[in-house]
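Structure first, then comments.
The values are calculated or read from the model by the stated rules, or taken from the named source; none is laboratory data. All figures in this text were calculated on a predicted structure; none of them were measured in a lab. Quick reminder, even Gly has a Cβ in these numbers, built from the backbone with ideal geometry, and neighbours come from all protein chains shown.
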Amino acid sequence: MLETVFDFPAPFIKKSTKSVVEIILLDKKEAKTYTNDQLDPVRRQIEQADFSGKAGQFTVIRDEDGLVQSVLIGYDESLNHYTLSPVYAYLSSNFGAAFLGDVVFKMNEDNLDQSQINKLCIGWALGDYKYDTSITRAKNAKKTKPMLVWPKDVHADFVTAQISAMCLLRNLVNTPANMLGTDELCDAAKEVAKPFKAKVKVIKDDDLVKKNFPMIYEVGKASPRRPQLIDMTWGKKTDPKVTIVGKGIIYDTGGLNIKTGTGMRQMKKDMGGAAHALGLAHMIMALKLPIQLRVLIPAAENAIAGNAYRPGDIIMSRKGLTVEVDDTDAEGRLVLADTLTYACEDEPDLLVDFATLTGAARVAIGYDIPAFFSNRDHFLDELRHSSVEASDFIWPFPLWDGYDQNVDGTVSDIVSVGRGRAGHIEAALFLQRFIESKTDWIHLDCYAWEQNGKAGRPQGGADTGMLALFSMIEKRYNA
Ligand SMILES: [Zn+2]
């Protein structure tokens with residue numbers, strides 16, 4: 001069932017003897033000069049198309065024989081890794097094999113720097129992204145693709161790593177829960193590890209109880225797809241240790257506090273945090289960042305059966321804090337809590353967790369912007385700046401002391417749902433109870449899903465915060 005999870009678009013070619021169609025990026029100023037320099041037949045086409053170099057504009061230019069000669073694309077400083085996706089989508093849906101099979105596209109690099117060239121290549125490939133499975137393949141039969149010659153100044157390893165990480169994440173989230181259970185998520189982690197010889201250990205089912213991960217076991221115990229903790233390690237022992245945790249609820253019914261039909265519809269995406277962790281791990285390993293990487297994924301299904309955990313149950317956590325369950329749909333923080341405790345025991349230099357955790361974060365800032373929290377103030381600015389550079393916008397929220405008592409218990413040490421209104425902050429404060437104060441920690445409450453869909457980013461699984469984190473980690477450890 002996993003065979004299509006590792007399918008990534010690669011509409012690139014090293015070199016070619018086919019005829020070339022030039023891709024030319026022009027901002028408003030460059031468009032004016034370019035237009036004036038053209039002979040009448042081309043100048044007229046530019047004028048008739050009203051092409052002015054405005055970002056988002058593009059037009060196809062033909063020679064006097066009517067053959068496609070170039071594609072002009074407008075841009076400005078907002079150029080990002082989706083800029084070329086609509087162009088790719090247009091070419092692949094408006095031209096057939098007779099044209100696309102006969103030509104290659106080549107980027108004019110004159111006015112572009114390497115970071116821009118990288119982003120343009122990523123957008124070109126993302127335009128080709130489509131989720132598919134082994135049983136839907138016939139329906140989605142491949143057509144001839146537009147191919148781009150690798151630009152001279154591209155950082156091809158970076159581009160390939162970013163495309164692979166983004167599409168791996170999407171494929172994992174898009175794979176329905178009947179095809180991706182806890183074992184398959186574990187297989188996916190092993191596949192990610194394999195090319196880089198990373199080690200993967202798994203603590204599964206009853207061993208979670210024996211080895212003291214009671215909350216992961218409690219959440220996952222009602223499903224025949226048994227709960228497990230996936231533990232991947234890679235890198236030199238002498239390098240700084242970065243641990244990435246990802247929530248891996250392969251399906252969330254809500255448990256006995258069952259969700260509504262609408263609320264449950266997209267819950268295959270509740271392992272989106274795990275998909276972010278694996279995508280980020282892929283980028284870190286493929287680009288050989290000098291860190292000692294650890295990825296921890298608590299994988300479980302929040303299912304309903306006679307032995308399911310209940311509202312009101314009191315559970316002992318790995319850390320020794322007792323937790324009273326308010327609502328079985330707040331399962332993510334329970335599996336994360338034991339995992340974060342375990343991560344802190346290993347004293348990482350930096351601990352990051354990704355989780356599709358609260359509806360409250362979405363109410364506060366919508367689908368596209370992940371909320372992030374840190375117990376170190378300097379990360380708030382650092383990560384926000386990295387997120388802008390990576391064209392992957394995220395926004396900080398406070399671990400405010402004033403709300404901390406909202407997760408205090410009466411019969412237990414803590415309760416699983418806070419008593420106030422800011423659910424995303426209280427979920428983060430709940431998690432903070434399991435973090436050692438000496439550990440530098442960043443928590444992302446993300447959606448992992450593109451709600452509306454656009455060229456290069458179809459509706460479905462989507463990265464929300466992964467690129468921002470990569471950019472920050474790269475700057476911090478690879479300077
Ligand atoms: Zn839930």
*asked:* Just the residues that are surrounded by 15 or more Cβ atoms within 10 Å (Cβ to Cβ) and closer than 16 Å to Thr83 by Cα, please, taken from segment 24-50.
replied: Ile24, Leu25, Leu26, Asp27
*asked:* Quick check on my filter: what residues within segment 161-183 are crowded, with 20+ Cβ neighbours inside 10 Å, part of a helix (DSSP H, G or I) and not hydrophobic (A, V, I, L, M, F, W, C)?
replied: Gln162, Ser164, Arg170, Asn171, Asn174, Thr182
*Out of the residues in segment 321-352 that are away from the ligand (no atom under 16 Å from the Cβ) and in a strand (DSSP E or B), which is surrounded by the most Cβ atoms within 10 Å (Cβ to Cβ)?*
Val352
*asked:* Where the second residue is surrounded by 14 or more Cβ atoms within 10 Å (Cβ to Cβ) and assigned to a helix (DSSP H, G or I) and the first is of a type in the set (D, E, K, R) and lies in segment 31-45, which pairs have Cβ atoms under 6 Å and are six or more apart or on separate chains?
replied: Arg43/Thr35
_Every pair of residues 6+ apart whose Cβ atoms lie under 7 Å, when the first sits in segment 135-154 and is β-branched (Val, Ile, Thr) while the second is exposed (fewer than 12 other Cβ atoms within 10 Å of the Cβ) and part of a loop (DSSP other than H, G, I, E, B)_ = Val149/Lys15
*segment 51-85: number of residues that are without any contact (Cβ under 8 Å) to a residue 40 or more places away in the chain, under 30 Å from Ala468 (Cα atoms) and surrounded by fewer than 20 Cβ atoms within 10 Å (Cβ to Cβ)*: 6
*Somewhere in segment 184-194, is a residue in a strand (DSSP E or B), modelled with pLDDT of 95 or more and closer than 27 Å to Lys319 by Cα?*
no
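Could you check segment 391-417 and list, in sequence order, the residues that are modelled with pLDDT of 95 or more, of a type outside the set (Val, Ile, Thr) and under 13 Å from Met472 (Cα atoms)?
Just the residues of segment 391-417 that are modelled with pLDDT of 95 or more, to begin with: 392-417.
Filter once more, so that each one left must be of a type outside the set (Val, Ile, Thr): 392-393, 395-406, 408-409, 412-413, 416.
Hits for segment 391-417 are Asp392, Phe393.
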*asked:* As an exercise: evaluate Gly461 against (1) in contact with a strand residue (DSSP E or B) (Cβ under 9 Å, 6 or more places away or on another chain); (2) surrounded by fewer than 19 Cβ atoms within 10 Å (Cβ to Cβ) and give the number of the one condition it does not meet.
replied: (2)
*What number goes with the only condition from (1) of a type in the set (S, T, N, Q); (2) away from the ligand (no atom under 14 Å from the Cβ); (3) surrounded by fewer than 20 Cβ atoms within 10 Å (Cβ to Cβ) that Asn257 does not pass?*
(2)
*From the list Lys241, Lys288, Lys247, which one is touching a strand residue (DSSP E or B) at 6+ places or on another chain (Cβ under 7 Å) and farther than 21 Å from Val417 by Cβ?*
Lys241
*Report, ordered by the first and then the second residue, all pairs with beta carbons closer than 7 Å, sequence separation of six or more or different chains, a first member in segment 416-439 that is without any contact (Cβ under 8 Å) to a residue 40 or more places away in the chain, and a second member that is assigned to a loop (DSSP other than H, G, I, E, B) and aliphatic (A, V, I, L, M).*
Leu429/Leu399
_The lone exception for Ser223 - which of (1) hydroxyl-bearing (Ser, Thr, Tyr); (2) away from the ligand (no atom under 16 Å from the Cβ); (3) assigned to a loop (DSSP other than H, G, I, E, B); (4) in contact with a helix residue (DSSP H, G or I) (Cβ under 9 Å, 6 or more places away or on another chain) it fails_ = (2)
*Which residues, counting only those in segment 358-382, are of a type in the set (A, V, I, L, M, F, W, C) and over 14 Å from Ile394 (Cβ atoms)?*
Ala360, Val363
*Of the conditions (1) buried (at least 18 other Cβ atoms within 10 Å of the Cβ); (2) outside any strand (DSSP E or B); (3) within 16 Å of the ligand (Cβ to nearest atom); (4) of a type in the set (A, V, I, L, M, F, W, C), Ala300 clears all except one; give me its number.*
(2)
*If you go through segment 353-378, how many residues are assigned to a helix (DSSP H, G or I) and farther than 25 Å from Trp449 by Cα?*
1
*Search result, residues across segment 204-222 that are of a type outside the set (D, E, K, R), surrounded by fewer than 21 Cβ atoms within 10 Å (Cβ to Cβ) and touching a residue at least 24 places away in the same chain (Cβ under 8 Å)*: Asn212, Pro214
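Inspect all residues belonging to segment 35-44 and state whether any of them is of a type in the set (Lys, Arg), farther than 30 Å from Ser134 by Cβ and at pLDDT 95 or above. Break it down stepwise before answering.
Of all residues in segment 35-44, those of a type in the set (Lys, Arg) come to 43-44.
Imposing the further condition that a residue be farther than 30 Å from Ser134 by Cβ reduces the set to 43-44.
Then keep just the ones that are at pLDDT 95 or above; that gives 43-44.
Looking for residues that are of a type in the set (Lys, Arg), farther than 30 Å from Ser134 by Cβ and at pLDDT 95 or above, one finds at least one in segment 35-44, hence yes.
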*asked:* Would you confirm whether or not segment 275-291 contains a residue that is in contact with a Lys or Arg (Cβ under 6 Å, 6 or more places away or on another chain) and either small (Gly, Ala, Ser) or surrounded by fewer than 22 Cβ atoms within 10 Å (Cβ to Cβ) (or both)?
replied: no
*Can you find even one residue in segment 310-320 that is touching a helix residue (DSSP H, G or I) at 6+ places or on another chain (Cβ under 7 Å), among the polar types (S, T, N, Q), more than 16 Å from the ligand (Cβ to nearest atom) and closer than 30 Å to Arg225 by Cα?*
yes
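I need the full set of residues from segment 230-261 which are among the aliphatic types (A, V, I, L, M), part of a strand (DSSP E or B) and out of contact with any helix residue (DSSP H, G or I) (no Cβ under 6 Å at 6 or more places or on another chain), in order please. Break it down stepwise before answering.
Step one: list which residues in segment 230-261 are among the aliphatic types (A, V, I, L, M), which gives 230, 232, 242, 244-245, 249-250, 256, 258.
The next check asks that each one be part of a strand (DSSP E or B); those that pass are 230, 232, 242, 244-245, 249-250.
Matches in segment 230-261: Val242 only.
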